[in-house]
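Below: one structure, written as structure tokens.
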Amino acid sequence: MKFYCNIVRKSFSIVLCTAAALSAAVLCGCNDHAADVDMQLKKAVETGRLGAWQESEKCALSVLKHDPANAYALLLRSLAAEHLGKLDIALASARQASENAPDYFPAQYSYGRLLAQNPESSKAAVQVLERALKLRPGNRNTLLLLGQCASRLNDDRAIEYYKALPAAVQKQPEIQTRIAIYYLDRRDRDKANLVLAYNALRDAYQKKPDNPVIVLNMALFLDHYARNKALAVGFYNRFLRLTEHNPELNPTRAQVIARKSQLL
């Protein structure tokens, strides 16, 4: 059985409160066209906040019809398309926005975030998110995505991204689980890595002892690396109790039951 990483699933909304003002600033003069662009972008932002994503996309497209290079409209369209399930359009629009506004953090971050959703695009995501990080050093969402993508690539920089997070974020159980898996994958390089992996798992468990993923990871570590069968069985039993009413985990539960029978 493999280790599991309890990835936090969050909807990373892009706050573009200043998009309309910024777009108007790059237009020459206060003419009717500028006022219309300003109005459409503001409407796209407001309708998006209300969850009216079709209307938000319509407003963004209205701007793009006359100004196809407008990075703010592209970004708004990308966000609307994503919420409407049109992921190819969302990705293409975000890519255009990032190319048109290389110094605008939301454009780089949004494109990198969308790339990160596909494990096969992890390398490209890291490149884009690195640009975002230079524009906004220390941004936690960017660092989290960089750590996730670097881990997929077995890139040693993953731990650097995690350690650059604020201490309180680093100590979150989900992040400690990722750190544990990072060190566990490198246990053959240095014996101390196995200890570091255990310490991270222990910290995660102490904070969330009822999280089935963390409990299972503790069981697997104790079983396959610490070679402590008695403790491993205890954690396997705890996992089974925590998940007894979760039919979606029945395949994993079956594996745990089979492994337990081998240890007893």
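Between Ala35 and Glu130, what is the FRET efficiency for a Förster distance of 41 Å, r being their Cβ-Cβ separation, to the nearest 0.05? Present the calculation step by step, with values, prior to reporting the outcome.
Working: r = 38 Å, r/R0 = 0.92.
With R0 = 41 Å, the Cβ-Cβ based efficiency is 0.65.
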Table column - 3J(HN,Hα) (Hz), the range 93-100, Karplus curve with 6.51, -1.76, 1.60, x for Gly and Pro: 5, 5, 4, 4, 4, 5, 6, 7
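Compute the signed sum of charges (Lys and Arg +1, Asp and Glu -1) over the other residues within less than 15 Å, Cβ to Cβ, of Gly85. Write out the running numbers ahead of the final one.
Working: positive: Arg77, Lys86; negative: Glu57, Glu82, Asp88.
Around Gly85, the charge tally is -1.
Run the helix sum for the chain: -39,500 (n - 2.57) per DSSP H stretch of 4+ residues, divided by residue count, reported at 222 nm to the nearest 500 deg cm²/dmol. Write down the numbers at each step before the final one.
On the way: 15 runs with 187 residues, N = 264.
The per-residue figure over the chain is -22000 deg cm²/dmol.
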Normalising by the residue count of the chain, find the relative contact order in percent from Cα pairs under 8 Å and 6+ residues apart. 11 percent
Top of Leu50, Leu196, Leu87 by mean-square fluctuation, Gaussian network on the chain, Cα under 10 Å: Leu50
Quick one: order His224, His245, His83 by neighbouring beta-carbon count within 10 Å, fewest to most. His245, His224, His83
Which of the lysines could a cross-linker span from Lys229 if the Cα-Cα distance has to be under 25 Å and same-chain partners fewer than 8 positions apart are dropped? Lys2, Lys191, Lys207, Lys208, Lys260
Name the lysines eligible as straight-distance cross-link partners of Lys123: C-alpha to C-alpha under 22 Å, and not fewer than 8 places from it in the same chain. Lys10, Lys134, Lys163
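As a footprinting exposure proxy, order Met39, Met218 by other Cβ within 10 Å, with the fewest listed first.
Numbers: Met39 15, Met218 26.
Lowest count first: Met39, Met218.
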Hey, what angle do you get for helix 229-242 against the long axis of the chain, alpha-carbon based, 0 to 90 degrees rounded to 10? 50 degrees
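Arranged by the count of other C-beta atoms within 10 angstrom, fewest first, what order do Lys65, Lys43, Lys207 take? The partial results should precede the final answer.
Details: Lys65 10, Lys43 20, Lys207 14.
With the fewest neighbours first, Lys65, Lys43, Lys207 line up as Lys65, Lys207, Lys43.
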Max mean-square fluctuation residue, GNM over the chain, Cα-Cα springs under 10 Å, options Ala90, Ala52, Ala197: Ala52
Report ³J(HN,Hα) in whole Hz for each residue of the range 170-184, in order, from the Karplus equation J = 6.51 cos²θ - 1.76 cosθ + 1.60 where θ = phi - 60°; Gly and Pro get x. 4, 7, 4, x, 5, 6, 4, 5, 5, 5, 4, 5, 4, 5, 5
Between the helical axis of 53-66 and the dominant principal axis of the chain, each derived from Cα atoms, what acute angle in degrees is found, rounded to the nearest 10? 50 degrees
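Where a number appears in this text, it was derived from the coordinates with a stated rule and is not lab data. These numbers were taken from a predicted model, which means no experiment stands behind them. Here Cβ is always computed from backbone atoms with ideal geometry, including for glycine, and neighbour counts include all displayed protein chains.
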